[in-house]
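Structure, as structure tokens:
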Amino acid sequence: MRKVVIVGVGMTKFGRRVEGLMQLLSEASLAAMDDAGIGDKPLDAVYVSNMAGGILNHQTALGSSLVDRLSLLPAAAETVENGPASGSSAIKNAYFSIASGAYDLVMVTGGEKMGDVPGFVATDAVATMSHPEAEYPLGITLPSLAAMFTKLYMERYGITSDQLAMVALKNHLNGLKNPYSHIRGDFILEGVLHCPEAIVNNPYIAEPLRLYDCCPVSDGAASVILCAEEKAKEFTTVPVTIAGFGQATDHQTVHEREDPTDLKAVTLAAKKALDMAKLTPKDIDVAELHDAFTILEIAQSEHVGFFKKGEGGKAVEAGLTQIGGKIPINPSGGLKSRGHPVGATGVAQVVELVWQLRGQAGERQVKNASKGFSLNFGGFGNNVIAFVLKKGA
């Protein structure tokens, strides 16, 4: 198979945007095309990742719409839906299309417009990924699944509410350095810590998870341009190679898993990606993990292999996951602060890593970063995709 490199990236600011879904997708796409210097070179294909456009925006066939709007005809186009892992699935599809030799130049754009509906409607749309008989009819939502997982993880590994708050605080501080973040105001730091005087500003969403343990509902889009390694010089002097990827699934219903605290799909997807890249967790310089809830950053950091089971919370306390720490996690601010427009998230993780490996991350730059890792968490850990990126071709 041919090597595949990323030669262009672009993002919109995440948050509550007045623009429509297609406008956001177009903005991110044009930014990536400009970054790659596409000019009049034709794209072979466009993949658009989106989870809930049909439900929330009454719009489907987004791939077809985007290529027409941007005058990219007759490029192949399709929309990829895989829950919150849609973005990484689309990048994986683009990777294979180039590695196989079918295409040479491909764009992946992910986006979601979630802020035009009441919060409970967006929560319900995301909950449709749960089991249609055993979970969704009983009122299961992603925050409730995360809350049950958190209780079990606390009981098993001694994770504390303060450690969860420290994840939120770290990622919000990182987000203040990211001009694309949904949440950037200093006011966000008030009430993050779980102390009595903070309860009014930080109420329970699903006990033991409070407001600041959960990511915001966001609008936004992100885009990457990929090409075959031999064509990279046509577009950039700082290519970033997709050195490895992995994907794994687990039981859709959490209660069917032998151990509900064991995120098997995370472990398997991470191992496949690292093995393909011929690396170990110790080799990674910077990581973007799927912290839709603060507990997930801690649990994923352990299941990927950055820390042993039960040590992820202590690592946060010790500052090991901060920028400048042993393994900086979510320098972008993560889903927690950058935001989580679900169809865009997996793409946004890769965009951040490309900026980090190029040395273009500004105030949040991880020094001498040359190898990055992303993990996109679909469902509640039942469909997980990981990537390993390396600086250079």
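Summing charges over neighbours of Gly334, with a neighbour being any other residue whose Cβ is under 15 Å away from its Cβ, gives +1 when K and R count +1 and D and E count -1.
With a/c under 1.5 counting as rounded, go ahead and sort segment 274-320 into rounded, prolate or oblate using the C-alpha gyration tensor (a ≥ b ≥ c being the square roots of the eigenvalues; past the cut-off, prolate if a/b is larger than b/c, else oblate). Walk me through the numbers before you get to the answer.
Values: a/c = 1.98, a/b = 1.57, b/c = 1.26.
Taking the square roots of the gyration eigenvalues as a ≥ b ≥ c, segment 274-320 is prolate.
Proximity of backbone amide H atoms, modeled 1.01 Å from N, is registered between Tyr103 and Ile98 at under 5 Å, excluding neighbours fewer than 5 places apart on the same chain. Think of it as helices only: each DSSP H run of n ≥ 4 in the chain is worth -39500 (n - 2.57), and spread over all residues that comes to -10500 deg cm²/dmol at 222 nm.
When each of the peptides 125-132, 289-296, 201-208 is scored by how many other beta carbons lie within 10 Å of its residues on average, the order from highest to lowest is 289-296, 125-132, 201-208.
Estimated translational diffusion coefficient (Stokes-Einstein, Kirkwood radius over Cα pairs, 20 °C, 1.002 mPa s) of segment 207-269: 129 µm² per second. Here the Karplus curve 6.51 cos²θ - 1.76 cosθ + 1.60, taken at θ = phi - 60°, turns the phi angles of segment 132-143 into couplings of x, 10, 8, 10, 4, x, 8, x, 5, 10, 5, x Hz, with x standing for Gly and Pro. Charged side chains reduced to their Cβ positions (Lys and Arg at +1, Asp and Glu at -1) give the chain a dipole of some 1120 debye around its Cα centre. Hey, what did segment 230-348 get for relative contact order, percent, Cα under 8 Å, at least 6 apart? Relative contact order comes out at 21 percent. Checking (i) 124; (ii) 154; (iii) 144 against the coordinates, the calculated volume of the Cα convex hull per residue in Å³ falls under label (i).
Among the listed pairs Lys3/Lys41; Lys170/Lys282; Lys13/Lys92; Lys13/Lys272, those with a Cα-Cα distance over 28 Å are Lys13/Lys272. When only Cα pairs below 8 angstrom with a gap of at least 6 residues are kept, segment 20-157 shows a relative contact order of 28 percent. Each peptide in 216-229, 110-123, 86-99 gets a packing score, the mean of other Cβ atoms within 10 Å over its residues, and the list from highest to lowest is 216-229, 86-99, 110-123. Taking every C-alpha pair closer than 8 Å and separated by at least 6 residues, the mean separation divided by the residue count of the chain gives a relative contact order of 26 percent. Near Leu21, within a Cβ-to-Cβ distance under 10 Å, what is the net charge of the other residues, with Lys and Arg +1 and Asp and Glu -1? That sum, taken over residues with Cβ under 10 Å, equals -2.
Exposure proxy shown here: for Tyr153, Tyr103, Tyr136, the number of other Cβ atoms within 10 Å sets the order, fewest to most, as Tyr136, Tyr103, Tyr153. Sequentially through segment 321-335, phi angles give Karplus couplings (6.51, -1.76, 1.60; θ = phi - 60°) of 9, 6, 4, x, x, 4, 9, x, 10, 6, x, 5, x, x, 4 Hz, Gly and Pro residues having no value and appearing as x. Shape class of segment 274-393 from the alpha-carbon gyration tensor: rounded, with the ratio a/c of largest to smallest axis under 1.5. Percent of Cα pairs in segment 22-129 per distance bin of 10 Å, from zero to the largest separation: 15, 46, 29, 10, 1. Take every DSSP beta bridge whose two residues both sit in the chain; close to 70 percent of them are antiparallel.
What the phi angles of segment 207-220 give under the Karplus curve with 6.51, -1.76 and 1.60, with θ = phi - 60°, is a coupling list of 3, x, 7, 9, 3, 7, 8, 10, 6, x, 8, 10, 10, x Hz, glycine and proline written as x.
Read-outs throughout are calculated quantities, based only on the coordinates presented, and are distinct from any laboratory measurement. Here the structure is a predicted model, which is why all the values come from computation and not from measurement. As a convention, Cβ positions derive from the backbone with ideal geometry for all residues, glycine included, and neighbour counts pool all protein chains shown.
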